[in-house]
Amino acid sequence: MLKTVTINNTLLSVLRINNIYPVRYAHHMCKILVVGGGTGGCTMAAKLSRKFDKAPNHVIVVEPSEVHYYQPLYTLIGGGIKNFDASKRSMKDVLPVKAQWFKEEVISFEPNENKVTISNGDIVQYEHMIVAMGLQLYWDKLPGLLEGLKNSESQVCSIYGPDTVSKVFDKIKNTNEGNAIFTFPNTPVKCPGAPQKIAYLSEDYWRRKNKRNKVNVVYNTSLPVIFGVKKYADALWEVCNRRNIKVNLQTNLIEIRPDKKEAVFQNLAKPENKYTVQYSMIHVTPPMGAPEILKKHTMLTNEAGFLDVNPQTLQHTKFKNIYGLGDCTNSPNSKTMAAIASQSKVLYKNILSNIAGKKMKHAYNGYASCPLVTAPGKCILAEFDYKLQPQESFPVNQSKELYSMYLLKKYFFPFLYWHLMLKGYWNGPEMFRKIFSLIKKKDAISGAMKQ
């Protein structure tokens, strides 16, 4: 058994440049390497480790975190509806037992040699690699944000971090008057509906506590629309107008001055226009982007640093034994858990076809879902594809604020996530759509026959 020793990555680089090797590093072999232990990584590892489970013909997962988070629950935690502990599990408990887990980071990709180097210095050789690294949160790219989050008096908060989400509801409760501002950055965002969902939950809380007439609720989004799909955008505009939530489009937060409780915004339609607003509370969605390690390996990525894959097959455009899914890829779908569920079905079948030397026939259509909670007990379940066309699963108008959809969001989806999806048994709601479609056709035929 080779002993592994973790040393500082900078020191490791210096030693290698000078041909000094103080530690003997191990060389590992696997059938499938999965980089990332988030939603996509766990799901694919579970699916594939049932088929490839004997070393070296097995699955290796490289993931440095000890804790796995169900991030779609963060909105409800921030709104005071769910407890933070409900959103987390130990990583060792969610990764499949038949997969080998290295609690390390990938520090170098060498796709021409089918190998990666991980942070303890070991090399992992693979036949096929799945990159599922998610989005990186760049808190430091917004001046004043880190300072504001650390200052308990600044009233700066965010549901997007596991170490920040539990503090959001306290900030909401401490707001009694003035401007309450919610922001959407000028970058890709995981769960794009979340920045306005927390605004709706906050507004509802202030209304129930008889504070609403003194609190001015503002949603500033860098996007030119409130939501990308018109059907749901129309419904959300109706919600905002009815509840007097002011929405400013193409408005990007560029600086926070927490000592003065000031926020600086830029009009993206007229970039020369910048203005400062006083706030009583500000909820910030931080800038996000591709992981830094991917950005450094330009042979794998597009210009923005995202893994360059075919948006239908999810196979890398250059390296045919590399695949991607989830938020770190350049596929133009909305970055949600539901998208990963649908992607995982396509990717699993395509990888097996590729391994067998067959043509990959399965295609991902861009399906994504966003349960837009507008208040406790109310939810608009948005479902759509690459073309931003509704692709709804249930025989109801899902642009309505429905209690049934709220129950799915609060109870069913977390159960589905922990017990089905992470175990590789959930491929999205396509089956439900087919069942309801058949029922609808049957009713239509029955009705026609009666006439």
Can we say Met133 is open to solvent by 50 Å² or more (accessible area, probe 1.4 Å), over 22 Å from Ser280 (Cβ atoms) and either of a type in the set (Asp, Glu) or touching a residue at least 60 places away in the same chain (Cβ under 8 Å) (or both)?
yes
How many residues does the range 237-246 hold that are under 17 Å from Phe184 (Cα atoms) and out of contact with any helix residue (DSSP H, G or I) (no Cβ under 7 Å at 6 or more places or on another chain)?
3
Of all the strands (runs of 3 or more DSSP E) wholly in the range 310-385, which have at least 2 residues that are closer than 13 Å to Cys191 by Cα and polar (S, T, N, Q)?
none
Pairs where the first residue, in the range 137-155, is within 15 Å of Lys260 (Cα to Cα) and the second is open to solvent by less than 30 Å² (accessible area, probe 1.4 Å) and of a type in the set (Lys, Arg), C-beta under 9 Å, 6+ apart:
Gln155/Lys171
Could you grab me the full set of residues in the range 222-235 that are in contact with a Leu (Cβ under 7 Å, 6 or more places away or on another chain), open to solvent by less than 60 Å² (accessible area, probe 1.4 Å) and not hydroxyl-bearing (Ser, Thr, Tyr)?
Ile226, Phe227, Gly228, Val229
Go through (1) under 14 Å from Pro291 (Cα atoms); (2) assigned to a loop (DSSP other than H, G, I, E, B) for Ser108 and report which single condition fails.
(2)
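Looking at the range 145-215, what helices (runs of 4 or more DSSP H) fall wholly within it and have at least 1 residues that are surrounded by fewer than 21 Cβ atoms within 10 Å (Cβ to Cβ) and in contact with a Phe, Trp or Tyr (Cβ under 8 Å, 6 or more places away or on another chain)?
The qualifying helices (runs of 4 or more DSSP H) are 145-150, 168-173.
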Taking Val373, is it in contact with a Cys (Cβ under 7 Å, 6 or more places away or on another chain) and of a type outside the set (D, E, K, R)?
yes
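Given the structure, is Ser166 hydroxyl-bearing (Ser, Thr, Tyr) and under 22 Å from Thr276 (Cα atoms)? Before the answer, list the steps.
Details: hydroxyl-bearing (Ser, Thr, Tyr): yes; under 22 Å from Thr276 (Cα atoms): no.
No; evaluated as a whole, the condition is false for this residue.
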Restricting to the range 247-269, give me the number of residues that are open to solvent by 50 Å² or more (accessible area, probe 1.4 Å) and either touching a helix residue (DSSP H, G or I) at 6+ places or on another chain (Cβ under 8 Å) or of a type in the set (Asp, Glu) (or both).
2
Expected output for the range 412-434 (first residue more than 15 Å from Ala45 (Cα to Cα), partner open to solvent by 80 Å² or more (accessible area, probe 1.4 Å) and in a loop (DSSP other than H, G, I, E, B), Cβ below 6 Å, 6+ apart or cross-chain) is none
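Is it true that Gly80 is surrounded by 16 or more Cβ atoms within 10 Å (Cβ to Cβ), on the phi > 0 side of the Ramachandran plot, in contact (Cβ under 8 Å) with a residue 60 or more places away in the chain and not polar (S, T, N, Q)?
Yes: the conditions hold for Gly80.
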Failed item, numbered, when Gly326 is tested on (1) in contact with a Phe, Trp or Tyr (Cβ under 8 Å, 6 or more places away or on another chain); (2) farther than 30 Å from Ser152 by Cβ:
(1)
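The values are calculated or read from the model by the stated rules, or taken from the named source; none is laboratory data. Bear in mind that the values here come from a model prediction, so they are computed numbers and not experimental data. Cβ coordinates were reconstructed from backbone atoms using ideal geometry, including for glycine residues, and neighbour counts include every protein chain displayed. These accessible areas exclude ligands, DNA and RNA; they are computed on the full protein's heavy atoms, side chains included. Shrake-Rupley method; radii C 1.70, N 1.55, O 1.52, S 1.80 Å.
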